[in-house]
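Structure record follows, encoded as C-alpha cells.
Read-outs: derived from the displayed coordinates by stated rules, not from any lab. Quantities reported herein were computed from a predicted structural model and do not represent experimental measurements. Reconstructed Cβ throughout: ideal geometry from the backbone, glycine too, with neighbour counts over all protein chains shown.
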Amino acid sequence: MPAHTGGGFDDLFVDGADWESLDDAVGESSITINMGPQHPSTHGVLRLILDLEGEVVTRLTPVIGYLHTGIEKNAEYRTWVQGTTFFTRMDYLAPLFNEAAFCLGVEKLLGIEAPERAQAVRVILMEFNRIASHLVWAATGGLELGALTMMTMGFREREHILDLFESQSGLRMNHAYIRPGGLAQDVTDDFVERCEALLDLMPRKIHEYEDLLLRNPIWMERLQNVGVIDADTCQQMGVTGPLLRAAGVPWDLRKAQPYSGYEQYDFEVAVDHAADSYARFLVRFEEMRQSLKIIRQAIDTLPGGPVMVQDKQIAWPSQQSIGPDGIGNDPDYIRHIMGESMEALINHFKLVTQGFPVPAGQVYSTVESPRGELGYAITSNGTNKPYRVHVREPSFVHLQSADLMARGHLVADVIAVVASIDPVMGGVDR
Amino acid sequence: MGLEDKLPSGILLTNLEKLVNYSRSASLWPATFGLACCAIEMMATGGPRHDMARFGMEVFRASPRQADLMIVAGRVSNKMAPILRRIYDQMSDPKWVLSMGVCATSGGMFNNYALVQGVDHIVPVDMYVPGCPPRPEMLMDGILRLHAKIRNETFAEQGAK
Amino acid sequence: MTEVTIPGLSADPLTLEAIERRMQDRFPTLATHIQYGELTIHVTPDALIEVLTFCRDDDELRCGMLVDLSGVHWPAGDHVIDRQPSTTGWPEYRVSRDQGVIEVLYIVRSIERNHWFRLSLPTSDENPRLPSATSVYASADYPEREVYDFFGVEFDGHPNLTRILMPDDWVGHPHRKDYPLGGVNVPYENDKFIPPPNERDLRDIVGGEGP
C-alpha cells in the first residue's frame with residue numbers, strides 16, 4: 001500500500017527478491033522506510049513510515065489501527081457498569097482515568113454525585129496512577145534511548161504502586177474499581193498506612209531518577225531541541241497535557257474544570273517553556289511531585305462515609321468482604337438476600353443482570369490523564385446500555401503532530417519524539 | 001530443521017537430546033511481541049521484582065531471527081494478524097509460541113469483529129497462559145511449564161513442527 | 001510566538017447562555033439547547049465552515065481548539081427502546097425515524113477563556129457527505145478519518161480520507177447500527193470445536209462491492 005505519492009521523487013518499494021531494481025535507485029537520495037508495528041522502540045504497535053533523505057526525516061506518516069479492538073462498539077452491547085470493564089482496557093497504563101472519565105459522564109447523565117469519600121479515594125488512586133504511568137513512560141523512554149537502568153528502576157517503583165492497587169481493588173491493572181456512583185467497594189483498613197509508606201518512598205526515588213537523568217549529558221543531548229512544538233501549533237493540533245504545558249501554557253483540567261473534588265487541593269501546574277522533549281521530561285517529573293502533594297492532602301482530609309451513592313436503583317448491590325480464601329461475597333449480605341429480604345434479592349438480581357437505565361441525552365466528560373485531555377462523549381437513549389460512547393483519547397490526537405515534530409530530525413530523534421508524546425496504542429486504536 | 005529430520009529417533013540420541021533440550025530451555029530468548037496490557041505485565045516480569053533473567057530470558061530479542069520464543073502478549077486485531085504470522089515465519093527453528101492472556105488465547109472479553117478470536121488460528125501455540133492480564137507469577141509459571149515441556153521433547157517432535 | 005495567556009484569567013469564561021446568545025446573534029437560524037449543563041448548537045452542513053471559523057476567530061468566543069469530532073448513528077425505521085417493561089413496569093418506548101441520520105459532534109474549547117460547547121451536525125446516513133473541518137482546525141485530520149472509517153461519512157476537502165483503524169481493504173463501516181458486532185458464537189458446551197470466523201465474509205451481511 002503506497003503511503004503517499006512522491007514529492008518529485010519516484011517511490012521505490014523494495015520488498016525483497018527484487019534487489020536488481022535497486023541499481024536504478026542508486027544516486028537518488030530519498031528513501032522510504034518502514035518502522036513496522038513490531039519494533040522494540042516504537043511504543044507498542046505503532047507503524048511509522050519515514051521518508052528519509054540520508055538520515056534526515058522529511059516526512060513521518062504514522063499508521064495505526066494494529067490494536068483496534070472495537071471497544072466502543074462492544075460497549076453498546078453491555079450495561080453501563082460492564083462498560084467500565086471495557087473502557088478501562090483502552091489506556092492500559094492509566095486505567096483508573098478511563099474509568100473515572102466514563103463514570104463522571106454517567107453520573108452527569110444520572111444527575112448524581114459520588115459521595116465525598118469516594119471522590120477523595122478516586123483522587124488518591126488517580127494520582128498514584130499518574131505516577132505509575134509516568135514511571136512507565138520514563139522506563140520505556142529510557143529503554144528506547146539507551147538508559148536501561150531507568151527501565152529496571154521505573155518498574156521497581158511501579159510494583160509498589162501496583163501492590164497498593166491490588167490491595168484495594170484486587171487487580172494490578174485494569175481494575176474496574178471506579179463505578180458509576182462511587183467505588184466498587186470501600187478501601188481496606190490499612191489504606192492510609194500503605195499510602196503513607198508510598199509517600200515516604202517516592203520522593204527519594206524520584207530524586208534517584210533525577211540523579212541519573214537530569215544532568216546526564218547524553219540524555220540532554222538526545223532530548224533538547226528535539227520535537228519542538230510551540231503553543232499556537234499545539235492549540236491548532238489539539239495537543240493538551242504535558243506537551244502543551246511544556247510549551248508554556250499552564251492548562252490543566254484539574255485546575256480549569258475541576259472534577260471529583262480537585263478544587264480543594266492545593267497544587268501547582270508544572271510548566272516549562274522550551275517546548276522540546278527535554279521540557280516534557282521535566283514537566284512529567286514535576287507532575288509526579290505535585291501528585292505526591294495532592295495525595296498527601298487527600299489522605300490528611302479523607303472523609304468517612306459511604307463510597308457508593310445510596311440510591312438503591314443505581315448502587316452496585318453486592319457487598320464483598322475478605323475471607324480466609326480472599327475477597328468474596330460477604331456472608332452477612334448473602335444471608336440477607338437469600339433468607340431475609342425478597343426485595344433485596346430481586347433488586348440485586350435486576351441490577352446485576354440488567355443494570356440501571358440512564359436518562360437520554362449527550363454529555364462530554366473530561367479528566368486530565370497523564371497524556372492529556374481524556375474525554376468521553378457519551379450518548380444515551382434512555383436504556384440500560386450505552387447508545388454510543390466515543391472516547392477522545394489524547395494519544396490519538398497527538399499522533400497527528402508527530403509529523404510536525406519529527407521533520408528535519410534524524411532517525412534516532414524520531415524515537416525520542418514518539419517517546420516524548422507518550423502514546424499508548426490501546427488508547428489510540430481503541 | 002533439515003538435520004533433525006534425518007536423525008534417527010530412539011535410544012541412541014537420548015543423552016544428546018537431553019543436553020540439547022536443557023540448553024534450549026535454559027536460554028530461551030523471547031521475541032518482543034508485546035501488544036497491549038499484557039505487554040506491560042510481561043515487561044514487569046522482566047523487571048526487578050519478578051526477574052525473568054534468573055531463567056536466562058531477559059534478553060528480549062527485537063530481531064525474530066535471534067529469538068526462540070514468541071510471547072504473544074495482548075489482543076491481536078485483524079490488521080495485526082498477517083504481521084504476527086510473518087514474524088512467526090521469520091523466526092528460525094526451533095521456536096515456540098506462548099499465548100499470554102485471554103485475548104491472545106481466545107479473544108478474551110472482546111468477542112467482536114475486530115479481534116482474532118485466539119491466536120492459535122494463526123500460529124501453533126505451545127502454552128496458553130490465561131488472565132486479564134496474567135500476574136507476572138502466572139506468566140512465570142507458564143514459562144517454566146514450557147521449559148519443562150521443552151526438556152521432554154525429542155528431536156523428531158521438534159522436526160515435525 | 002504570540003503571548004501566552006493564562007487560561008480563565010485573561011477574561012472570565014462566558015456562561016452557556018452568553019455563548020448561546022453570541023452564536024444566535026451571528027447565526028439566527030441555528031437551534032440550540034442546553035442540557036446537563038452543556039450547550040449544544042445544531043448546525044446545518046452548508047453553514048459548518050462559517051460557524052467553525054466564527055468560533056475560532058471571534059473575540060468573545062476564541063475557541064482555538066477542536067477537542068473532539070465523533071459520530072452517532074440514528075438509523076431509520078421503528079425502534080423499540082428496550083426498558084424492560086416486564087420488570088420495571090415502565091411503558092414501552094418507541095422511536096420512529098423516516099430518515100436515518102448520522103450525527104457528527106464537534107466539541108470546541110477555548111483555552112484562553114476556559115469554556116467549551118458542542119456543535120451537532122446531522123447528515124443523512126445513505127450518502128453522508130460533509131465539508132471537512134481541516135481547513136479551520138488542523139486537529140480534525142485523524143478524527144475525520146475515524147468517522148469516515150466507522151460511519152462512512154465523506155469529508156470534502158480532507159487531505160487524505162482513508163481508513164485509519166480498520167484494515168485498508170475492510171468492507172463496511174463498523175460503528176453503524178446496521179453492522180453486526182461479529183465475533184464467534186460461544187455456546188457453553190464441552191468439547192465443541194468452534195471454527196475460526198472469517199470476519200471478511202461479513203461482506204455478505206454488510207453488502208458493498210469493495211473498499
Quote the charge dipole size of chain A about the Cα centre in Debye, to the nearest 20; the model charges only the Cβ of Lys and Arg (+1) and of Asp and Glu (-1).
-> 1300 debye
Name the most mobile residue of B:F60, B:F110, B:F33, meaning the one with the largest mean-square fluctuation, in a Gaussian network model of chain B with Cα contacts below 10 Å.
-> B:F110
MRE, 222 nm, helices only [DSSP H, n ≥ 4, -39500 (n - 2.57), over chain A, to nearest 500] | -14000 deg cm²/dmol
Given charges at Cβ of Lys, Arg, Asp, Glu: the protein assembly as shown dipole, positive-most of A:L52, A:H273, A:G154 | A:G154
Give the value in nm², to one decimal: projected area of the alpha carbon convex hull of segment C:16-181, averaged over all directions.
-> 11.7 nm²
If the viscosity is 1.002 mPa s and the temperature 20 °C, what translational diffusion coefficient in µm²/s does Stokes-Einstein give for segment B:8-160 when Rh comes from Kirkwood over Cα pairs?
-> 136 µm²/s
Report the FRET efficiency, 1/(1 + (r/R0)^6), for A:L214 and C:R21, where r is their Cβ-Cβ distance and R0 is 45 Å, rounded to 0.05.
-> 0.35
Could you check which residue among B:P130, B:P48, B:P82 shows the biggest mean-square fluctuation in a GNM of chain B with a 10 Å Cα cutoff?
-> B:P48
Per DSSP H run of n ≥ 4, the term is -39500 (n - 2.57); total these for chain B, divide by its residue number, and report the mean residue ellipticity at 222 nm rounded to 500 deg cm²/dmol.
-> -11500 deg cm²/dmol
Can you give me the three principal axis dimensions of segment A:294-395 from its C-alpha atoms, in Å, biggest first?
-> 49, 41, 25
If each residue's Cβ is checked for other Cβ atoms within 10 Å, how do A:T149, A:T379 rank with the fewest at the top?
-> A:T149, A:T379
Shielding of A:383-395 by other chains, given as the mean Cβ count within 10 Å, works out to 4
List the aspartates and glutamates whose Cα lies under 15 Å from the Cα of B:K149, skipping any in the same chain that are fewer than 8 positions away.
-> B:E17, B:D68, B:D126, B:D141, B:E157
So how tilted is helix B:14-26 from the main axis of chain B? Cα-based, degrees 0 to 90, rounded to 10.
-> 30 degrees
Spin-label model distance (nm) - B:A53 vs B:R151, 7 Å beyond Cα toward Cβ = 2.3 nm
Taking each residue of A:103-112 in turn, how many C-beta atoms of other protein chains fall within 10 Å of its C-beta, and what is the average?
-> 1
Counting only complete DSSP H runs, which helices of chain A cover 24 Å or more along their long axis at the Cα atoms and score a mean Kyte-Doolittle of 0.0 or above?
-> A:116-145
Between the modelled labels at A:E340 and A:D311 (7 Å from Cα along Cα→Cβ) the distance in nm is 2.5 nm
Return the single residue from A:V309, A:V389, A:V192 with maximal mean-square fluctuation; model: Gaussian network over chain A, springs between Cα atoms under 10 Å.
-> A:V192
Just grab the label-to-label distance for C:D58 and A:L199, each label 7 Å out from Cα along the Cβ direction, in nm (one decimal).
-> 4.6 nm
Considering only C:L119, C:F151, C:P45, whose Cα is most displaced toward the positive end of the charge dipole of segment C:16-181, charges sitting on Cβ of Lys, Arg (+1) and Asp, Glu (-1)?
-> C:L119
Peptide-level mean, for C:120-129, of C-beta atoms on other protein chains within 10 Å | 0
Could you line up A:D266, C:D58 from fewest to most neighbouring Cβ atoms inside 10 Å?
-> A:D266, C:D58
